[in-house]
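A quick write-up on the structure given underneath.
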Amino acid sequence: MMKPVNTGIKYAFPLITYPDGRKSICTIPSGYVQTALSESDYKDLSNEFGLEVALVKAVMEVESNGSGFLLKEASPARPKILFEGHWFYKLTPKPVSKSRPDLSYPSWDKSKYKGGSSEWDRLLDAMAFDEIQALKSASFGLGQVMGFNYPATGCASIQQFIEENFAGEYWQARHMMNFIVNNNLLDELKRKDWDGFARGYNGPGYKKNNYHTKLEAAYKKAL
């Protein structure tokens, strides 16, 4: 059963400003520590879902380079995200692409990514056009689960999904594992069917980013 999130962590919109000037969408209590996954957490996930620890680590390594937060940011750090403008284009009926073609475009375009903290700038700009659809158009945390998949992560709302992503890597990891189970991908991962898992987790274009080969390499590295 998932651990409860600190009640002081709350989704906030309109945007809030942290002391260093960063804009964000979640309040974090003073002194709260956004903990990284421990070896004990990895073992617990391994036991609960019947997976080798190396398999759990492999997915997280490929999706977020081993960290669910922007570690170069001051505390409280924001979760690592990627804003997907092609999804924003599909999800919102507003003609955002006419004024902000960098935020809304008809097909996936890797050149639109800014990376790191700049992805938050893109998301927050998009939220000014359509708050909820913008949140659904970004991938979050260790597993880089898309916001529109929040029901499959075990969350009742997109706001709960955001709060848990800010809470710590434990909750991010649970989102990832719940998504894998609810999309019937657990067996593929257990069998080390890298193509089958990558297709289900990353979509039919997974080979463009070599997700299948990256997963196999990350698994071998984690052994």
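The values are calculated or read from the model by the stated rules, or taken from the named source; none is laboratory data. Nothing here was measured: the structure is a model prediction, and the numbers come from that model. Here Cβ is always computed from backbone atoms with ideal geometry, including for glycine, and neighbour counts include all displayed protein chains. Remember, those area values only see protein heavy atoms, side chains included, never the ligands or the DNA or RNA. Shrake-Rupley method; radii C 1.70, N 1.55, O 1.52, S 1.80 Å.
Among the residues making up the range 64-92, those that are open to solvent by 30 Å² or more (accessible area, probe 1.4 Å) and of a type outside the set (Gly, Ala, Ser) are Asn65, Leu71, Lys72, Lys80, Leu82, Trp87, Tyr89, Lys90, Leu91. Among the conditions (1) assigned to a loop (DSSP other than H, G, I, E, B); (2) at pLDDT 95 or above; (3) more than 23 Å from Pro14 (Cβ to Cβ), Thr35 misses just one, which is (2). The number of residues in the range 3-52 that are under 18 Å from Tyr170 (Cβ atoms), among the hydrophobic types (A, V, I, L, M, F, W, C) and exposed (fewer than 14 other Cβ atoms within 10 Å of the Cβ) comes to 1.
Per-residue answers, yes or no, for (1) farther than 30 Å from Ile132 by Cβ; (2) over 17 Å from the mean Cα position of the chain (by Cα); (3) open to solvent by 10 Å² or more (accessible area, probe 1.4 Å):
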site	(1), (2), (3)
Ala156	no, no, yes
Glu164	no, no, yes
Asn184	no, yes, yes
Ala198	no, no, no
Ala222	yes, yes, yes
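Within the range 91-116, residues that are more than 23 Å from Tyr206 (Cβ to Cβ) sit with their Cβ atoms under 8 Å from residues that are acidic (Asp, Glu), at 6+ positions apart or across chains, in these pairs: Thr92/Asp130; Lys94/Asp130; Val96/Asp130; Arg100/Asp125; Leu103/Asp125. Taking the conditions (1) without any contact (Cβ under 8 Å) to a residue 24 or more places away in the chain; (2) in contact with a helix residue (DSSP H, G or I) (Cβ under 9 Å, 6 or more places away or on another chain); (3) not hydrophobic (A, V, I, L, M, F, W, C) in turn, Lys136 satisfies each one other than (1). Taking first residues from the range 175-195 that are touching a residue at least 12 places away in the same chain (Cβ under 8 Å) and partners that are open to solvent by 60 Å² or more (accessible area, probe 1.4 Å) and basic (Lys, Arg), the Cβ contacts under 9 Å between residues at least 6 apart in sequence or on separate chains come to Glu188/Arg199; Trp194/Lys214; Asp195/Lys207.
Taking Ile180 as the residue in question, decide whether it is open to solvent by less than 40 Å² (accessible area, probe 1.4 Å), among the aliphatic types (A, V, I, L, M), in a helix (DSSP H, G or I) and touching a strand residue (DSSP E or B) at 6+ places or on another chain (Cβ under 8 Å). Judged against the criteria, Ile180 is not a match.
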